[in-house]
Amino acid sequence: MIKVYFDWNVLSQIKNGAHSELKDIILNNQDLFIPFSSSHITDISSSFSENQKQKELIDSDLEFISELTENYCLYNNGKGIVCEQYPPKDLFEQTIESKDSFKDLSIEGLMKTFEGDEATSKLVEPLFDLLKNLPLDDSLKQAFENPESAGIMENMFPGLKDNPTMGGFFESFSQMNVNLNENDGYKELRQTIQNCMGINKDKIFDNENPFDLIAKSYDKLGITTDQFINNGEHAPKWFNDISNEYLKLDMHGYQEDKVNIKKGRKETFKNTTEDAFHAAYASTCNIYVINDKRSYKKTLKVFEKLSINTRVQRPEEFLDYHKNYLSNTDPQIDLNIFQNLLKSDDFYESEIDSGNYRTYYFPYFLFGFFNKLVRFYPNDESEEQSVFLSQDKPTNWFIIDKEVRELVNRLLKTFGPDLNCDGLFKMSEFDDGRWHGRRWKMGEITLRLIAVNNYVQLYWDLEAEKPADNKTSYEKP
């Protein structure tokens, strides 16, 4: 299946009547796998109110997502990013319930979370009192006195200069969180950073090499932007890398988002953060469809810098790509493309001790899955050449059993029953990326569909059929 991640702005427009051609393509398309993510739910929850009409609108949004995605959700489970079936409405209700849980991040606010639990409160209260009065490190105090960093520090940590303790830090951090995500504090912070770094917003806004311009500005001060990157354990490093690079561009003025809290839907740092998360989630998919011009350009630059193998497309670009390369449902066309690729001179060649590989990349997805062909030429002429179809996978890719099911069932329609007559794919067949696979016999060719370490490949063996009881030979490429 072809994984396609849609920004919520595009999905919302489709649901409300726009992009009718695109809607026809994505609904009930067995070749497309369209997940949603926790960021889609955060986008929707930002418009939550107790107004009955608004609740009905949100319910219809969640139902639309559920129908389109079959409840497949990308989210952080605390150990990593996973893709599992998770009803949007359940995730939305959890998001609303926890929305204000940690709004007050001061020590006093954190203490309130233990109200009603007398035993725990007695244990943690002395620790919080001790923490509250701990003095901050001298280097942090000096940052407020340094003319080059004082402006940024005072914007980021209001009031901390006058109360340089851990209690003051938590209070300041809580206020910063509110200023950035609920008020227009991000606008002032962003301007302060650009001024301190000597960055001209007009010069960087549509610059061809924004990361180079940012790095040069920091080099003049003898620091690097990497010093400020958060590589915490709350998300995988790749997720943090994409999010941080995205936020770095916006914070320093490249295609910077508007900040507005005066009318209509609030536009604050929270919106920019969720856009950064959307880009990170999208890196698990083949294609990211996005309509917002500024986010589109930032994502392109981030994916280019980090070599993310995901196509970033506007809705009209995706329509053209689908018409040209993804709309085929005729297996004979897939076979013709396969045969033409074997005759092509457009390949990448690499050598190993035992022979050389020729790898062919193409924009099609043969049998709704494969977009890479590999041909191995052994140095030993007594050995057979091998040819197999594989995936040029997204950078942060993983495979789920639904993809294998759709692939197997499509191959069964194309080539008929497999040699073992296993029938339609059963989810129990695919376990932790290992699978004995399926085989078909076509004249002198044996087709072997196998999976090893989550790599699913279709081998075209130009040799006699292998013994049926030699299962290990089908488990290794």
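The table for this structure:
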{"quantity": "Output for the range 436-458, where each listed residue is within 21 Å of Ile399 (Cα to Cα), of a type in the set (A, V, I, L, M, F, W, C) and surrounded by fewer than 18 Cβ atoms within 10 Å (Cβ to Cβ)", "calculated": "Val452"}
{"quantity": "Any hit, the range 71-80, residues being buried (at least 21 other Cβ atoms within 10 Å of the Cβ) and in contact (Cβ under 8 Å) with a residue 12 or more places away in the chain", "calculated": "yes"}
{"quantity": "Of the criteria (1) surrounded by 20 or more Cβ atoms within 10 Å (Cβ to Cβ); (2) over 19 Å from Trp397 (Cβ atoms); (3) within 21 Å of the chain's Cα centre (by Cα), which one His278 fails", "calculated": "(2)"}
{"quantity": "Filter result for the condition that a residue is in a helix (DSSP H, G or I) and closer than 28 Å to Leu366 by Cβ, over Leu62, Leu57, Leu74, Leu22", "calculated": "Leu22"}
{"quantity": "Selection status of Tyr321, over 20 Å from Arg410 (Cβ atoms), of a type outside the set (Asp, Glu) and either in contact with a helix residue (DSSP H, G or I) (Cβ under 7 Å, 6 or more places away or on another chain) or loosely packed, with under 13 Cβ neighbours inside 10 Å (or both)", "calculated": "no"}
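Taken together, the values in this text are just the output of simple stated rules run on the coordinates, not laboratory data. Worth saying up front: this structure is predicted, and the values here are computed from it rather than measured. Positions of Cβ are backbone-derived with ideal geometry, glycine not excepted, and every protein chain shown enters the neighbour counts.
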